[in-house]
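Report on one structure; see the data block that follows.
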Amino acid sequence: MRGSSLATRLFLSATAWVVVILVITGVVLSSVYRDATERAFDRRLNLYLRTLIAEVATPDEPPDRQFQSLGEPLFELPLSGWYWQVVRTDSEKGEARVSRSLWDKKLPKLEEHGAELTAAGIRLGYVDGPEGQNLRMVERPVDLGADGKFLVSVAGDSSEIFDETRSFDYYLGGTFAALGIVLLLTTIFQVRFGLAPLKRISESIADIRSGRAERLEGEFPVEIAPLARETNALIDANREIVERARTHVGNLAHAIKTPLSVIVNEAAAHPVDPFASKVLEQADVMRDQVAHHLERARIAARVTVVGTVTEVAPAIEALRRTMEKIHRDRGLIIELKADPQAKFRGERQDLEEMAGNLVDNACKWAASQVLIEVLVEPPLKPGAGPSLRIIVDDDGRGLSAAERAQVSRRGQRLDESKPGSGLGLSIVVDLAGLYGGSLALGDAPIGGLRAELVLPGV
């Protein structure tokens, strides 16, 4: 069940409980009905038994009229499944009177089947009948003193009990199946519409994360409203923290750059002094380090902002036009193929800084041509967003594998004749990493270096 939605888990849980409850209830009701049917059958047998005992106790009736008051035609039909039997137990001959339905058969004794006398002085149980029928039988020993001792038995076809119970089970099963379907449909309705506000909140948060909204809007049920309220408060607190971080970064940059400028100016006033030269050298290193780490702090603060989205094509097109103007005297051709639907989940300034470093680097080393391509790739796994891929190719001399590893490190330059501090590609790597992206260097199809920048898209 891992990874399943809350609605699915609730539905499966409710379904399991409904099935268990209905099954248990059905078994209990079936058992109760069977017992009730069996008791009703036993009352019928006891009625016949008392009538037979009354006949035995009044032997004044003529033999041809004795035992005629049972009122059950089935006792007259041969092997009908309904039988009675009166056996004299104090005589060695074991004289017996039986119903016409028994013909020349006899009923077994319940005592021989292990049935015990009840408090009412009778025995009850199931026995096999003459034709293999399953009989429900009741018997009672009767002591008439001088008139003799008798064992009076009455048996009925127990298929009536089983048939009644089976019919009840069929009706019960059908009723419970319909009831179960209704309950499941009701559960589906409750889960689907009861959890709709949570789904709306989830979709709204996804909109905030992708930049389509800034807050949770709309009315929510009383139970969900506190969640929406706290979520909005969390978003506001996040924005406030980011703003404070930006302010602190700016203050720190100003506080550090001013003393550095003073040190550089003082050292520059003594150009022939070896100590001053060393101070200038180290001051330049400090300035690069400070710039790099302040930039990382500023970028990290911006990355934490929720819901910022940037159109990619206009930003890259502006870079292309700028670079064409800068390198107009070289006759450099810069081509751009950008998906108009491409969007970057981040700030435009960061996108321009990353792409600008790559395009600027390509233009510096290109012989005559730079190709820029912007692609939107589908999510790699369910629940993830699309990826944005920016590919920059040049037709320069390219780089070996060792050189690619070197230029990605902070401050490393392969050619001191080209302007720059050597921080460009390392800033791209750091900034892309903060956004969860990456930068890969390889060989371009047009002969030079290929830089592939992967960033989160929308």
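What the table shows:
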| quantity | calculated |
| --- | --- |
| Computed [θ] at 222 nm, deg cm²/dmol, the chain (DSSP H ≥ 4; -39,500 (n - 2.57); rounded to nearest 500) | -17500 deg cm²/dmol |
| Amide H contacts under 5 Å for G346, placed H, 5+ residues apart | V309, T310 |
| Cross-link pairs beyond the 23 Å C-alpha cut-off, checked among K257/K278; K199/K381; K106/K149; K257/K364 | K257/K364 |
| Distance between segment 194-225 and segment 79-134 - C-alpha centres, whole angstrom | 78 Å |
| Ranked list, fewest to most other Cβ atoms within 10 Å of each Cβ, for M137, M354, M286 | M286, M137, M354 |
| Inter-centroid distance (Cα atoms) of segment 173-190 relative to segment 324-374, Å | 63 Å |
| Helical segments meeting 27 Å axial Cα length and Kyte-Doolittle 0.5 threshold in the chain (DSSP H) | 6-57, 159-194 |
| Alpha-carbon radius of gyration plus Dmax, which is the widest Cα pair, for the chain in Å | 48.7, 156 |
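Where a number appears in this text, it was derived from the coordinates with a stated rule and is not lab data. Note that the coordinates shown come from a computational prediction; the quantities given were computed from them, not determined experimentally. Quick reminder, even Gly has a Cβ in these numbers, built from the backbone with ideal geometry, and neighbours come from all protein chains shown.
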